[in-house]
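Asks: Starting off with a structure, shown below.
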């Protein structure tokens, strides 16, 4: 495909880096230094210019492109760039990153023919909120095609415990679809067992998964009622708003007084906003934070989020959540045993990649820090026999009125069903072709 990316920041660079392996990429930005660094590291065409200025597009006039992606940090700039692109270029599909979901509610994106819009701040806040619904979970993913969920849990058996064979877990209600062990993800077979410190990925009914989460984890709280959010930027406020629908006490901590004022005005009585210049034990002592059951480090600096999570653990807070803004920090956060939630920039990247890979028939979702991917297809209207994709590191499930079952032998489909396939990333292309050809 021919793809134009407007914005050469962290998200634009990451998209260009990954997409350039298979597609022709042009990346636009007014920052010539950023474009120079991109051109030094990846094989793409760069175009220096203001993406809001029609003159910047003259070199592209009349060109036909498959995809225009607007990922600057400013909503209005992204919207304007999409309008100008329509005037100057023949664009088949437009994807835009937006902070404010007002633009979706108002219909503006639809009016200017934007094909897809991603709202990374809302996505991050929703991911944190899901952790209150499933306190033992490390991450929760939902699917539009089925009420079944994909939930991961870190195994913390009481006193070490014993390995649990996979065959004892799989049922019509839940299936183990992935295990991350010592930083390596694999799709398990019936001969595998769940071990201490594994990150286990469970797909199925939420209630059944909750039961297993309580069995696998004896460390995290069973309920979360007292929450601390560190950072009162846009993200911290969005998280506090999302959490306020639960019957929980929320404290939002911020050093910047002006940010505190804005947060207090926005949140009103939904959270207690605390201005504190301290970041050490005095903060926990003076504000009673040690009573919290969950702390979310939601600053835009991953190193600071890591430090704050480690401090919170040392002060006895049971569940600590680090917002991951830079993909490069994911493995470090993971190795420290932190619960990780994609930050806005990371969410923007993954959401756009998932949008590009999805189509009317198949939706894609990435998980395990991008090491694994799921493909979902609704088989509504299909009647006949289908054969599974039988290769290592691939597992398919069929969801029907009978529940969820592993799809490891040819099946006759005679009712509405959903097929969902989980695989390690190195199987991505062949699995994508297989499920799209069903």
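Please treat every number below as a calculation from the coordinates, not as lab data. Please read these numbers as outputs of a predicted model, since none were measured by experiment. Don't worry about glycine lacking a Cβ; one is built from the backbone with ideal geometry, like all the others, and counts go over all protein chains shown.
Asks: Tell me the label-point distance for the pair residue 225, residue 415, using the 7 Å Cα-to-Cβ offset, in nm and rounded to one decimal.
Replies: Each label point lies 7 Å from its Cα, and together they span 4.1 nm.
Asks: Please state the equivalent ellipsoid semi-axes for the range 66-144: what are the square roots of 5 times the Cα gyration tensor eigenvalues, largest first, in whole Å?
Replies: Semi-axis lengths for the range 66-144 are 30, 12, 10 Å.
Asks: Moving to a separate point now. Would you mind telling me the antiparallel percentage of the DSSP bridges in the chain, rounded to 5? Intermediate results must be reported in sequence, preceding the final value.
Replies: On the way: 48 of 91 bridges.
The answer is about 55 percent antiparallel.
Asks: Pick from 68, 103, 367 the residue whose mean-square fluctuation is largest in a GNM of the chain, springs joining Cα atoms under 10 Å.
Replies: Greatest mean-square fluctuation among the candidates belongs to 103.
Asks: A further question on this structure: Below 8 Å, C-alpha to C-alpha, sequence gap of six or more: please give me the relative contact order for the range 137-216 in percent.
Replies: 37 percent
Asks: Kindly provide the helix-only [θ] at 222 nm of the chain, computed as the sum of -39,500 (n - 2.57) over DSSP H runs of four or more divided by all residues, to the nearest 500 deg cm²/dmol?
Replies: That comes out to -9000 deg cm²/dmol.
Asks: Expressed as a whole number of Å, what is the distance separating the alpha-carbon centroids of the range 166-192 and the range 374-438?
Replies: Spelled out, the Cα-based centre of one part sits 17 Å from the other.
Asks: Using C-alpha positions alone, give me the convex hull volume of the range 226-347 per residue in cubic angstrom. Can you show the working numbers first?
Replies: Working: hull volume 11.3 nm³, N = 122.
So the per-residue Cα hull volume is 93 Å³.
Asks: Same structure, new question: Taking the range 76-219 on its own, what percent of its Cα-Cα pair distances exceed 22 Å? Don't jump to the answer; show the numbers that get you there.
Replies: Details: 5469 of 10296 pairs.
The share of Cα pairs beyond 22 Å in the range 76-219 comes to 53 percent.
Asks: Right, next: Rounded to whole Å, give me the distance from the Cα center of the range 235-250 to that of the range 11-70.
Replies: Using only Cα atoms, the two centres lie 37 Å from each other.
Asks: Using only Cα atoms, what Kirkwood radius does the range 137-216 have, in angstroms?
Replies: Values: mean 1/r = 0.0791 Å⁻¹.
For the range 137-216, inverting the mean 1/r across all distinct Cα pairs yields 12.6 Å.
Asks: Would you work out the Kirkwood radius for the range 298-373? I mean one over the mean of 1/r across all pairs of different Cα atoms, in Å.
Replies: 13.4 Å
Asks: Same structure, new question: Determine the relative contact order of the range 68-154: mean sequence separation of Cα pairs under 8 Å and six or more apart, normalised by residue count, in whole percent.
Replies: Once divided by the residue count of the range 68-154, the mean separation gives 20 percent.
Asks: Note down the relative contact order for the range 353-436 as a percent, whole number, built from C-alpha pairs under 8 angstrom at least six residues apart.
Replies: Value for the range 353-436: 32 percent.
Asks: Which percent of Cα-Cα pairs in the range 2-118 sits in each 10 Å bin, short to long?
Replies: 15, 50, 31, 4, 0
Asks: Treat each spin label as a single point 7 Å out from the Cα along the C-beta direction, and report the residue 270 to residue 181 distance in nm.
Replies: Spacing of the two 7 Å Cα→Cβ label points: 4.3 nm.
Asks: Continuing with the same structure: Going from the alpha-carbon gyration tensor of the range 356-415, what semi-axes, largest first and in whole Å, does one get by taking the root of 5 times each eigenvalue?
Replies: 22, 15, 11
Asks: If one puts a single equal scatterer on every Cα of the range 1-46 and applies the Debye formula without solvent, what log₁₀ I(q)/I(0) results at q = 0.17, 0.31 Å⁻¹?
Replies: Results for the range 1-46 at q = 0.17, 0.31 Å⁻¹ read -0.35, -1.25.
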